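Worksheet: one structure, shown below.
Please treat every number below as a calculation from the coordinates, not as lab data. Everything numeric here is computed off the predicted structure, so don't read it as measured data. Every residue, glycine among them, receives a Cβ derived from its backbone with ideal geometry; neighbour counts consider all protein chains shown.
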Ligand code: NAP
């Protein structure tokens, strides 16, 4: 038997699934359908521009397209250009790798104000995502509040504080760079609702932020919150050591204070602290963030309340996936319920992998084992799927006039981005605008 499989989403989880599918001789064809003109999902639109080494994983993932059984259909949005029902007609099985690219809400007053954005949107903007809009009046931001104690919170804080001269050497779109250049973020307040030992920061990312040049670190933490304790994991102990080193280097003996007259950039870490309201000086549709009310409640007290002056707030409290019409959805966990990747009630024909399967956890490599589990389940079930004549999807899309970006077209985009980079002295620079991406894809 020879099977045709559709993989929806060309991010790391989708492409790891393709890798795993190609190991089976039963698989005759794998079509990767991606709503954007460019592949790589969060590798391209989530990994920070100053982390180019992480992005090199894309080279290994791209090799799946060397296999003649694999085709890329970029600029094809499932649910718009082609429906789920049509996919089921055209393929024996479908693997959804649609990720989790939307923001969770805090549920506090003022969250809707201009200047208050989710990290997913902010990261998509600085990563040149074609659908991302610039956060309102970003360049007026001097003081920024970031909510959350995960790696995304570290990423957005670091990008806000990085000198634009450093970002100029990255693939960051030039319009974003200009906006960041005009901006004058000098202060970032990171709010962690629990203690330093509960933060989900990775060691390397934390060390990088704590050692940013020209940036003082202020830890709003009692010494005993940063002390080693035998019950803590090795990862946590390393993070605590990094915090202690930062405190002794930058703030000998001080808790949350800076020498008078200090004009450099400052990164504050507030522990056991949550925002309670986001404030604006004015009302109406133009109302913009002017400050954040916070509440600090360490175990054993005392509980204190305060206000931070800020022109922008980024909530980095986790991402959420979106439902796929016709498939079940766990609204609490924002994922598609599944058994080892198989979506129940689909007759063994629909699967999930990556963040839409397990929620937004883990690093890029985590998706490899996750995809292997899904594909193992799929290949086991394939034997029970009756053989059927499947029509050709390219014909359906051509009949609808869809401008499909094929793999060779993507290479044209890549070359256009490299040429843009050469113009500005960077290895490559991302094209953010969808029309420009398509123009590059279909240029001669
Ligand atoms: P995350 O690691 O789950 O962190 C989310 C943070 O938000 C947690 O500190 C959580 O605190 C906090 N939070 C949740 N709800 C909150 C609320 N209502 N109020 C205040 N704080 C709240 O998620 P992430 O940072 O979005 O990262 C997603 C995944 O991508 C993670 O696996 C991460 O490691 C990975 N990633 C990796 C890198 C890298 O390796 N360089 C970069 C970016 C992302 P609690 O713990 O108290 O719930």
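Looking at residue 321, is it within 16 Å of the ligand (Cβ to nearest atom), within 26 Å of residue 4 (Cβ to Cβ) and touching a residue at least 60 places away in the same chain (Cβ under 8 Å)?
Details: within 16 Å of the ligand (Cβ to nearest atom): yes; within 26 Å of residue 4 (Cβ to Cβ): yes; touching a residue at least 60 places away in the same chain (Cβ under 8 Å): yes.
Taking the combined requirement at face value, the residue satisfies it.
Restricting to the range 416-433, what's the tally of residues that are surrounded by fewer than 16 Cβ atoms within 10 Å (Cβ to Cβ), within 19 Å of residue 56 (Cα to Cα) and in contact with a helix residue (DSSP H, G or I) (Cβ under 8 Å, 6 or more places away or on another chain)?
Residues meeting the conditions: 1.
Within the range 137-167, take every residue that is over 18 Å from the mean Cα position of the chain (by Cα) and buried (at least 17 other Cβ atoms within 10 Å of the Cβ) and give me the one that is nearest to the ligand (Cβ to nearest atom). Steps first, please.
Filtering the range 137-167 down to residues over 18 Å from the mean Cα position of the chain (by Cα) leaves 137-145, 161-167.
Filter once more, keeping what is buried (at least 17 other Cβ atoms within 10 Å of the Cβ): 138, 141, 143-145, 161-162, 167.
On the way: 138: 20, 141: 20, 143: 19, 144: 16, 145: 11, 161: 16, 162: 15, 167: 17 Å.
Once the filter is applied, the top-ranked residue is 145.
For the list (1) within 16 Å of the ligand (Cβ to nearest atom); (2) crowded, with 17+ Cβ neighbours inside 10 Å, I need the number of the one condition that residue 350 fails.
(1)
Which one of these does residue 136 not meet: (1) in contact with a helix residue (DSSP H, G or I) (Cβ under 9 Å, 6 or more places away or on another chain); (2) part of a loop (DSSP other than H, G, I, E, B)?
With (1) in contact with a helix residue (DSSP H, G or I) (Cβ under 9 Å, 6 or more places away or on another chain); (2) part of a loop (DSSP other than H, G, I, E, B) applied to residue 136, the lone miss is (1).
Considering only residues that are in contact (Cβ under 8 Å) with a residue 24 or more places away in the chain and surrounded by fewer than 19 Cβ atoms within 10 Å (Cβ to Cβ), look in the range 168-178 and name the one that is farthest from residue 312 (Cα to Cα). Write out each step before concluding.
Of all residues in the range 168-178, those in contact (Cβ under 8 Å) with a residue 24 or more places away in the chain come to 168-176.
Checking which are surrounded by fewer than 19 Cβ atoms within 10 Å (Cβ to Cβ) leaves us with 168-169, 174-175.
Numbers: 168: 23, 169: 26, 174: 22, 175: 19 Å.
Residue satisfying both the conditions and the ranking: 169.
Within the range 171-183, which residues are outside any helix (DSSP H, G or I) and either closer than 16 Å to residue 134 by Cβ or within 15 Å of the ligand (Cβ to nearest atom) (or both)?
Filtering the range 171-183 for residues outside any helix (DSSP H, G or I) gives 171-173, 183.
Passing the criteria: 172, 173, 183.
Look at residue 363 and say whether it is part of a loop (DSSP other than H, G, I, E, B), surrounded by fewer than 20 Cβ atoms within 10 Å (Cβ to Cβ) and within 16 Å of the ligand (Cβ to nearest atom).
On the way: part of a loop (DSSP other than H, G, I, E, B): yes; surrounded by fewer than 20 Cβ atoms within 10 Å (Cβ to Cβ): yes; within 16 Å of the ligand (Cβ to nearest atom): yes.
So residue 363 passes the test.
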